[in-house]
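The values are calculated or read from the model by the stated rules, or taken from the named source; none is laboratory data. What you see is a predicted model; the values in this text were computed from it and never measured. With ideal geometry, Cβ positions are generated from the backbone for all residues, glycine too; neighbour counts draw on all protein chains shown.
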Amino acid sequence: MLGGTFDPVHIGHIRTATEAALRLGVSRLDLMPCHIPAHKELPGCASTHRLEMLQLAVANEPILGIDDREMLRNTPSYSVESCEGLRGEMKSLAPLYFVLGNDAFAQFTSWCRWHDMLALAHLVVVARAGESLEYSAEMLQLLQEREVTRVADTSVSPGGSILRMELTPQHVSATEVRRKLQAGESVRYLLPDDVIEYINEHGLYRNSAAQ
Ligand code: ATP
């Protein structure tokens, strides 16, 4: 899965998710939109709009799906609870992969019950274009203990490893997309066309009243 606010979903998410799925050899990768972010401000756009945009974004991509479990909880969207739910539904101890950008990973040890989260899934960390992040001493220690370098190394356990994966860098962020929309600039090729159409139809990200 790839968790996020998807406010809105953009090409960086879609390309990262499809490329990661192929590299991991999984048959399906779910985008998991959070309802109430635990580590960010509340999204500018309602959960229902974010979910609809995701549905449009994955409609033509058979390997991608949506897991809307966090939309169904009215409490902060802690990834550990979502992983627990998912693990409970799985009939085997097959590996579970949680894909996240380096920016999100750099904060990982501040996540709710992160030890439990890591026991439930492998973390697949992807670099974001143009970023250079410094890890805290705690994160460096964690990498030292848990990092593996090959996908094959993760297949022996349900979770617990950290795999850094080099994917094609995607130079786009939702923050930049929102800024462009607010400024009336084009976002063509940064988002799927259907998502752009949806944003225009609903007047999203142009002024707060519309959202
Ligand atoms: P914002 O700019 O509002 O912070 P975002 O573009 O980072 O949003 P999120 O929904 O927060 O989007 O991202 C969900 C996940 O996808 C996070 O783990 C994030 O690091 C990752 N991600 C987002 N954009 C990219 C990208 N261009 N390349 C790789 N990973 C990305």
Q) Looking only at residues in segment 172-184 that are surrounded by 15 or more Cβ atoms within 10 Å (Cβ to Cβ) and β-branched (Val, Ile, Thr), which one is farthest from the chain's Cα centre (by Cα)? A) 177
Q: Can you give me the ranges of the helices (runs of 4 or more DSSP H) entirely in segment 82-171 with at least 3 residues that are within 18 Å of residue 16 (Cα to Cα) and under 20 Å from the mean Cα position of the chain (by Cα)?
A: 102-105
Q: Considering each residue of segment 142-179, count those that are β-branched (Val, Ile, Thr) and more than 16 Å from the ligand (Cβ to nearest atom), and give that number.
A: 5
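Per-residue answers, yes or no, for (1) without any contact (Cβ under 8 Å) to a residue 60 or more places away in the chain; (2) among the polar types (S, T, N, Q):
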residue: 144; (1), (2): yes, yes
residue: 152; (1), (2): yes, no
residue: 161; (1), (2): yes, yes
residue: 165; (1), (2): no, no
residue: 169; (1), (2): yes, no
residue: 173; (1), (2): no, yes
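Quickly run through segment 1-37 and pick out the residues that are assigned to a loop (DSSP other than H, G, I, E, B) and more than 12 Å from the ligand (Cβ to nearest atom). Step through it out loud before you land on a result.
Let us first name the residues in segment 1-37 that are assigned to a loop (DSSP other than H, G, I, E, B), namely 1, 5-10, 25-28, 34-37.
Selection gives 25, 26, 27, 28, 35, 36.
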Q) From the residues in segment 38-55 that are surrounded by fewer than 19 Cβ atoms within 10 Å (Cβ to Cβ) and part of a loop (DSSP other than H, G, I, E, B), which one is farthest from the ligand (Cβ to nearest atom)? A) 46
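When you check residue 203 against the structure, is it under 30 Å from residue 115 (Cβ atoms) and either surrounded by 11 or more Cβ atoms within 10 Å (Cβ to Cβ) or in contact with a Leu (Cβ under 9 Å, 6 or more places away or on another chain) (or both), yes or no? Walk me through how you get there before you give the answer.
On the way: under 30 Å from residue 115 (Cβ atoms): no; either surrounded by 11 or more Cβ atoms within 10 Å (Cβ to Cβ) or in contact with a Leu (Cβ under 9 Å, 6 or more places away or on another chain) (or both): yes.
Judged against the criteria, residue 203 is not a match.
With 86, 93, 22 as the choices, which residue is surrounded by fewer than 16 Cβ atoms within 10 Å (Cβ to Cβ), hydrophobic (A, V, I, L, M, F, W, C) and over 25 Å from residue 169 (Cβ atoms)?
93
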(Q) Just checking, does segment 108-120 include any residue being more than 13 Å from the ligand (Cβ to nearest atom) and under 21 Å from residue 28 (Cβ atoms)? (A) yes
Q: Working only within segment 113-140, note down all residues that are at pLDDT 95 or above and surrounded by fewer than 19 Cβ atoms within 10 Å (Cβ to Cβ).
A: 113, 114, 115, 116, 119
Q: Out of the residues in segment 150-171 that are out of contact with any helix residue (DSSP H, G or I) (no Cβ under 7 Å at 6 or more places or on another chain) and under 19 Å from residue 101 (Cβ atoms), state the one that is surrounded by the fewest Cβ atoms within 10 Å (Cβ to Cβ).
A: 166
